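**Q** Below are the structure tokens for one structure; questions will follow.
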Amino acid sequence: MLVDSHCHLDLIKNSNPDTLIAAAHAQGVSHFLNVSIALDHFPTLLSIAQRIDNVFASVGIHPNTSSDMTVDVKTLKTMANDPNVIAIGETGLDYFRSQGDLTWQHQRFRTHIQAAKEVGKPLIIHSRDAAQDTLRILREENAVAIGGVMHCFVEDWETAQQAMEMGFYISFSGIVTFKNAKALQAVAKQVPLDRMLVETDAPYLAPVPYRGKTNQPAYVKHVAQFIADLREETFEKIANVTTENFFRLFSSATT
Ligand SMILES: [Zn+2]
Ligand SMILES: [Zn+2]
């Protein structure tokens, strides 16, 4: 049993969720967290989660989604108030793809943290070139009260440690399999097994041997296998612990 803790089923072109899930099942991938990046596609995510067993949804606005899309705590809480919604996000900070005055990005991030705490569902954090501000805002908003996951983690060990101290899990994507990702591989070797998740972030960031192609949830197997080899553990061990971690973190997810 293996979980893809972060994918975007509705963004994968030339495919449909049912085909993708069937392909993943054939590889032993049993559960999926289909992650929201904007409020206008949330109804689609919710209907997929309601229709297909073991597919869960989150609600939130990606940090790179236009600053025109605003949301308040009350709206997020209302949208999250469905048993198929198990997390708030993806939210966070991205200084790579957004520039200029990013006060709006900070504020929207804070709103998501407040909603997560109030609704009692963990956070999915996206952070790129913004580790220090991400950690600072998580601290200022007392995110330790709800916890969550640092998704598609690419930062250093110190950042991982600080996030884990606030109750966050560290999720590795296909990036960890890339030849030039030596520093990240060192982090993946160090993160305690009981704090680690795996994901695809499909359709992005396909792992080796599919690097450069469209990613899909079935490929999370390659991420888990790579980490198993890296840590000299069995594939089953990595699959089992990351699955247990997923259900411990997202405790409202029922099988
Ligand atoms: Zn992301
Ligand atoms: Zn994502």
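The values are calculated or read from the model by the stated rules, or taken from the named source; none is laboratory data. Just so we're clear, the structure is a prediction, and the values are computed from it rather than from any experiment. Positions of Cβ are generated from backbone atoms using ideal geometry, with glycine treated the same way; all protein chains shown enter the neighbour counts. The area values use the complete protein model at the heavy-atom level, side chains included, leaving out ligands, DNA and RNA. Shrake-Rupley method; radii C 1.70, N 1.55, O 1.52, S 1.80 Å.
**Q** Given (1) surrounded by 23 or more Cβ atoms within 10 Å (Cβ to Cβ); (2) touching a residue at least 40 places away in the same chain (Cβ under 8 Å); (3) part of a helix (DSSP H, G or I), where does Leu230 come up short, assuming only one miss?
**A** (1)
**Q** Could you tell me which numbered condition Ala57 fails, if it satisfies all but one of (1) open to solvent by 20 Å² or more (accessible area, probe 1.4 Å); (2) without any contact (Cβ under 8 Å) to a residue 60 or more places away in the chain?
**A** Result: Ala57 passes all but (1).
Residue by residue, here is whether (1) open to solvent by 10 Å² or more (accessible area, probe 1.4 Å); (2) within 16 Å of ligand 2 (Cβ to nearest atom); (3) within 14 Å of the chain's Cα centre (by Cα) holds:
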| position | (1), (2), (3) |
| --- | --- |
| Ala188 | no, no, no |
| Val191 | no, no, no |
| Asp194 | yes, no, no |
| Glu199 | no, yes, yes |
| Tyr204 | yes, yes, yes |
| Pro209 | yes, no, no |
| Gly212 | yes, no, no |
| Pro217 | no, yes, yes |
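**Q** Now for a separate question. Quick one: is Val35 modelled with pLDDT of 95 or more, touching a His at 6+ places or on another chain (Cβ under 6 Å), within 16 Å of ligand 1 (Cβ to nearest atom) and under 27 Å from Ile170 (Cβ atoms)?
**A** Details: modelled with pLDDT of 95 or more: yes; touching a His at 6+ places or on another chain (Cβ under 6 Å): yes; within 16 Å of ligand 1 (Cβ to nearest atom): yes; under 27 Å from Ile170 (Cβ atoms): yes.
It is true that Val35 is modelled with pLDDT of 95 or more, touching a His at 6+ places or on another chain (Cβ under 6 Å), within 16 Å of ligand 1 (Cβ to nearest atom) and under 27 Å from Ile170 (Cβ atoms).
**Q** Could you look through region 14-43, keep only residues that are more than 16 Å from ligand 2 (Cβ to nearest atom) and β-branched (Val, Ile, Thr), and pick out the one that is surrounded by the most Cβ atoms within 10 Å (Cβ to Cβ)?
**A** Among them, the one singled out is Val29.
**Q** For a quick check of your reading: which helices (runs of 4 or more DSSP H) sit entirely within region 16-80 and have at least 3 residues that are of a type in the set (Gly, Ala, Ser)?
**A** On the way: elements: 17-26, 42-51, 73-80.
Result: 17-26.
**Q** Could you tell me how many of the residues in region 120-140 are out of contact with any Asp or Glu (no Cβ under 6 Å at 6 or more places or on another chain), within 18 Å of Asn34 (Cβ to Cβ) and among the β-branched types (Val, Ile, Thr)?
**A** Initial filter on region 120-140 (out of contact with any Asp or Glu (no Cβ under 6 Å at 6 or more places or on another chain)): 120-123, 125, 127, 129-130, 132-140.
Remaining after also requiring within 18 Å of Asn34 (Cβ to Cβ): 121-123, 125.
Still in the list and also among the β-branched types (Val, Ile, Thr): 125.
The total comes to 1.
**Q** If I filter region 103-123 down to residues being over 17 Å from Glu140 (Cα atoms) and either touching a strand residue (DSSP E or B) at 6+ places or on another chain (Cβ under 8 Å) or of a type in the set (Lys, Arg) (or both), which single residue comes out as surrounded by the most Cβ atoms within 10 Å (Cβ to Cβ)? Explain how you work it out, then say what you get.
**A** Going residue by residue through region 103-123, those that are over 17 Å from Glu140 (Cα atoms) are 119-121.
Checking which are either touching a strand residue (DSSP E or B) at 6+ places or on another chain (Cβ under 8 Å) or of a type in the set (Lys, Arg) (or both) leaves us with 119, 121.
Working: Val119: 20, Lys121: 26.
Of everything passing the filter in region 103-123, Lys121 is surrounded by the most Cβ atoms within 10 Å (Cβ to Cβ).
**Q** What number of residues within region 147-184 satisfy the criterion of being open to solvent by 20 Å² or more (accessible area, probe 1.4 Å), touching a helix residue (DSSP H, G or I) at 6+ places or on another chain (Cβ under 7 Å) and in a helix (DSSP H, G or I)?
**A** 4
**Q** Against the condition more than 16 Å from ligand 2 (Cβ to nearest atom), out of contact with any helix residue (DSSP H, G or I) (no Cβ under 6 Å at 6 or more places or on another chain) and farther than 23 Å from Glu90 by Cα, how does Phe235 come out, does it pass?
**A** Values: more than 16 Å from ligand 2 (Cβ to nearest atom): yes; out of contact with any helix residue (DSSP H, G or I) (no Cβ under 6 Å at 6 or more places or on another chain): no; farther than 23 Å from Glu90 by Cα: yes.
So Phe235 fails the test.
**Q** What are the pairs, 6+ residues apart or on separate chains, where a residue within region 156-176 that is in contact (Cβ under 8 Å) with a residue 40 or more places away in the chain has its Cβ under 6 Å from a residue that is part of a loop (DSSP other than H, G, I, E, B) and of a type in the set (D, E, K, R)?
**A** Hits for this filter: Ser171/Glu199; Ser173/Glu199; Ser173/Asp201.
**Q** What do you reckon, is Ala23 farther than 23 Å from Phe153 by Cβ and either out of contact with any strand residue (DSSP E or B) (no Cβ under 6 Å at 6 or more places or on another chain) or not β-branched (Val, Ile, Thr) (or both)? Step through it out loud before you land on a result.
**A** Details: farther than 23 Å from Phe153 by Cβ: yes; either out of contact with any strand residue (DSSP E or B) (no Cβ under 6 Å at 6 or more places or on another chain) or not β-branched (Val, Ile, Thr) (or both): yes.
Yes; evaluated as a whole, the condition is true for this residue.
**Q** Report every pair of residues separated by at least 6 positions or lying on different chains whose Cβ atoms are under 6 Å apart, first residue within region 106-135 and within 22 Å of Phe172 (Cβ to Cβ), second among the polar types (S, T, N, Q) and more than 13 Å from ligand 1 (Cβ to nearest atom).
**A** Final answer for the pair search is Ala131/Thr159; Leu135/Gln162.
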